[in-house]
Amino acid sequence: MLYRRAGKGTFVAKRHIGRDLLTFSGFSEEAVARGFRPGTRHVTVGWRPADAVAAALDVPTDESVLTIERLRTIDDEVLAVETVSFVAAIGRHMEKFDLAD
């Protein structure tokens, strides 16, 4: 789709990233279904004190949680910064997986 700006010229519009709010799927599946190329870049992966997420995870503030911070991309353009924290019992298992997607 093209659009015009007075005094600027004609430009190619970026594709709209829409979403059906009645369905849920993963970031990558959603991107591929809409014709985009999803990607992920790790920012950090590591163990931290639960502090800010302790109440949400129902763990003591001094308990360690595995925290993963990633940049989520669509066609190499950063779309979101994602931060996910896992309680220790789950985090130990999560470390075994390739968390790139």
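Taking Ala56, Ala89, Ala33 as the candidate residues, the one with maximal mean-square fluctuation in a Gaussian network model of the chain, Cα springs under 10 Å, is Ala56. The fraction of all Cα pairs in the stretch 50-101 landing in successive 5 Å bins from 0 to the largest distance is 5, 19, 24, 19, 15, 11, 5, 2, given as whole percents. When the Gaussian network model of the chain links Cα atoms closer than 10 Å, the mean-square fluctuations of Gly39, Gly26, Gly91 top out at Gly26. Mean residue ellipticity, 222 nm, helices only, the chain: the sum of -39500 (n - 2.57) across DSSP H runs of n ≥ 4, divided by residue count and rounded to 500, is -4000 deg cm²/dmol. Expressed per residue, the C-alpha convex hull volume of the stretch 2-94 stands at 165 Å³.
No value in this document is a laboratory result; all are computed from the given coordinates. No experiment lies behind these values; they were computed from the predicted model shown.
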